[in-house]
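Below is one structure, written out as structure tokens, with a few remarks after it.
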2 protein chains.
Amino acid sequence: MKNQDDSLNHAMIEFYEKLSSWEMAVVKDKGFSLPQVHTVEILGLNGPMRMKELAQKIGITTGTLTVQIDKMVDAGLVVRVPHANDRRSILIELTESGQAMFAEHDKLHMQLTHDLTAKFDDSERAMLLDFFERINKEF
Amino acid sequence: MKNQDDSLNHAMIEFYEKLSSWEMAVVKDKGFSLPQVHTVEILGLNGPMRMKELAQKIGITTGTLTVQIDKMVDAGLVVRVPHANDRRSILIELTESGQAMFAEHDKLHMQLTHDLTAKFDDSERAMLLDFFERINKEF
DNA sequence: ATCGATTTATTTGATAATCAAACTAAGTTT
DNA sequence: AAACTTAGTTTGATTATCAAATAAATCGAT
């Protein structure tokens, strides 16, 4: 099934490109930069996280992230808290204001998700969720 | 079904974040910048495109894109060709070398897609493709 | 236990990406 | 044809990014 694999691959890439473009547009409308929103999004979904892990998830170096986090601390979005077991590490955590920003951004995503799957029936939507969860597990 | 909608939304975001992270890592390994690969990817999937359309898809201004395309022309990845009907516009088109880069990058995506859906059976994979295509159509 | 190697985060200096605004040229409208 | 809009480029300033150097904490192997 070479052709179908190709189609699936390209459909997936197209989805990624479109979501990426949507995200850029949404971010620019608000007063925040893409890395900042990205950070809020990741912390909101996964909870507090070490610098290194966060940098890997975003796909930037820790040096770059340090600068970004500095700005976000100044903006009151996140705080640095010491790591319980490893004194080299710190955890980056959303403040209440950061959580509010996550909630607001998440709402936009929710609306988008809703729109994109408007023509799906309940069982299809459940299947789509199952597919995404299985794919994410493999990642 | 508020909870399920939430789950679907977050699974979708998680997928996007992971794909985004994967893309960053892949790009950095090669000698090219993210915008360059992004451009090649979009042109490879959609064919030649005007500056404005390309900028919108990437999510940057045309001013920024002009600079990027300059570099990519120098690198031999793309060419500017005049638009047939509108002399204000130009089309950005992949060169052979650009197409080769797309093919190589696409291969990596293909491998990823394959790995992520390794545990899917044929009918599930077909359904996933159908879902993605319907979602992309709504975007 | 201790010394060397590794890991974590930060800092620094240089480069690259980005934007907004001004500009040129080509199309569109009235 | 004059006024307006659109497409792409240029410019000047800002921001993001990296690689490499640094400092502190942990780990590992003797």
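The values are calculated or read from the model by the stated rules, or taken from the named source; none is laboratory data. Given the structure is predicted, the values throughout are model-derived calculations rather than measurements. Every residue, glycine as well, gets a Cβ built from its backbone with ideal geometry; the counts of neighbours run over all protein chains shown. Just the protein is used for accessible areas: all its heavy atoms, side chains included, with ligands, DNA and RNA removed. Shrake-Rupley method; radii C 1.70, N 1.55, O 1.52, S 1.80 Å.
Would you say B:HIS83 is surrounded by 12 or more Cβ atoms within 10 Å (Cβ to Cβ) and at pLDDT below 95?
So B:HIS83 does not fit the description; no.
Out of B:VAL73, B:VAL78, B:VAL67, report the one residue that is under 22 Å from B:LEU108 (Cα atoms) and of a type in the set (A, V, I, L, M).
B:VAL78
Identify, by number, the condition in (1) without any contact (Cβ under 8 Å) to a residue 60 or more places away in the chain; (2) under 30 Å from A:SER123 (Cα atoms); (3) among the aliphatic types (A, V, I, L, M) that B:ILE92 doesn't meet.
Failing condition for B:ILE92: (2).
Could you tell me how many of the residues in segment A:32-51 are closer than 18 Å to B:GLY59 by Cα and either within 11 Å of DNA strand C (Cβ to nearest atom) or outside any helix (DSSP H, G or I) (or both)?
Selection size over segment A:32-51: 4.
Does A:GLY76 satisfy the condition of being within 11 Å of DNA strand C (Cβ to nearest atom) and either assigned to a loop (DSSP other than H, G, I, E, B) or more than 25 Å from A:PHE139 (Cβ to Cβ) (or both)? So that I can check it myself, show each step before the final result.
Working: within 11 Å of DNA strand C (Cβ to nearest atom): no; either assigned to a loop (DSSP other than H, G, I, E, B) or more than 25 Å from A:PHE139 (Cβ to Cβ) (or both): yes.
So A:GLY76 fails the test.
Quick test of your reading of the structure: B:GLU96 fulfils all but one of (1) within 14 Å of DNA strand D (Cβ to nearest atom); (2) surrounded by fewer than 13 Cβ atoms within 10 Å (Cβ to Cβ). Name the failing condition by number.
Only one criterion is unmet by B:GLU96, namely (1).
Can you name every residue in segment A:57-71 that is open to solvent by less than 30 Å² (accessible area, probe 1.4 Å) and out of contact with any His (no Cβ under 8 Å at 6 or more places or on another chain)?
Once the filter is applied, which keeps residues that are open to solvent by less than 30 Å² (accessible area, probe 1.4 Å) and out of contact with any His (no Cβ under 8 Å at 6 or more places or on another chain), segment A:57-71 yields A:GLY59, A:LEU65, A:ILE69.
Just checking, which of B:LEU54, B:LEU112 is in a helix (DSSP H, G or I), in contact with a strand residue (DSSP E or B) (Cβ under 8 Å, 6 or more places away or on another chain), surrounded by 14 or more Cβ atoms within 10 Å (Cβ to Cβ) and not assigned by TED's automatic domain parsing to the domain that holds B:TYR16?
One residue alone meets the criteria, B:LEU54.
State yes or no: is B:LEU8 closer than 20 Å to A:VAL26 by Cβ, of a type outside the set (S, T, N, Q), within 15 Å of DNA strand C (Cβ to nearest atom) and not in a loop (DSSP other than H, G, I, E, B)?
no
If you check every pair at least six apart or on different chains, which have Cβ atoms under 8 Å apart with a residue in segment A:59-72 that is within 7 Å of DNA strand C (Cβ to nearest atom) first and a residue that is open to solvent by 70 Å² or more (accessible area, probe 1.4 Å) second?
A:THR62/A:LYS52; A:ILE69/A:ARG80
So which residues in segment A:87-111 are within 14 Å of chain B (Cβ to nearest Cβ) and either touching a Leu at 6+ places or on another chain (Cβ under 8 Å) or at positive phi (or both), if there are any at all?
Matches in segment A:87-111: A:PHE102 only.
Every residue, every condition in (1) of a type outside the set (Phe, Trp, Tyr); (2) within 13 Å of DNA strand D (Cβ to nearest atom); (3) within 14 Å of another protein chain (Cβ to nearest Cβ), yes or no:
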residue: A:VAL37; (1), (2), (3): yes, yes, yes
residue: A:ASN46; (1), (2), (3): yes, no, yes
residue: A:GLN56; (1), (2), (3): yes, yes, yes
residue: A:THR61; (1), (2), (3): yes, yes, yes
residue: A:GLN68; (1), (2), (3): yes, yes, no
residue: A:MET72; (1), (2), (3): yes, yes, no
residue: A:VAL78; (1), (2), (3): yes, no, no
residue: A:VAL81; (1), (2), (3): yes, no, no
residue: A:ASN85; (1), (2), (3): yes, yes, no
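Determine which member of the set A:ASP6, A:ASP74, A:ASP29 is open to solvent by 40 Å² or more (accessible area, probe 1.4 Å) and closer than 22 Å to B:THR61 by Cβ.
Working: A:ASP6 fails: closer than 22 Å to B:THR61 by Cβ; A:ASP74 fails: closer than 22 Å to B:THR61 by Cβ.
Exactly one of A:ASP6, A:ASP74, A:ASP29 is open to solvent by 40 Å² or more (accessible area, probe 1.4 Å) and closer than 22 Å to B:THR61 by Cβ, namely A:ASP29.
For the subset of segment A:81-109 comprising residues that are among the acidic types (Asp, Glu) and outside any helix (DSSP H, G or I), which member is farthest from A:VAL40 (Cα to Cα)?
Step one: of segment A:81-109, the residues among the acidic types (Asp, Glu) are A:86, A:93, A:96, A:104, A:106.
With the extra rule that they be outside any helix (DSSP H, G or I), the set shrinks to A:86, A:93.
Working: A:ASP86: 23, A:GLU93: 9 Å.
Residue satisfying both the conditions and the ranking: A:ASP86.
Might you let me know whether segment B:23-31 holds any residue that is at the interface with chain A (Cβ under 7 Å from one of its Cβ atoms) and assigned to a helix (DSSP H, G or I)?
Taking every residue of segment B:23-31 in turn, at least one turns out to be at the interface with chain A (Cβ under 7 Å from one of its Cβ atoms) and assigned to a helix (DSSP H, G or I).
Identify all residues within segment A:120-139 that are outside any helix (DSSP H, G or I) and at the interface with chain B (Cβ under 7 Å from one of its Cβ atoms); write none if there are none.
Residues of segment A:120-139 outside any helix (DSSP H, G or I): A:120-121, A:139.
Within segment A:120-139, A:PHE139 is the sole residue that qualifies.
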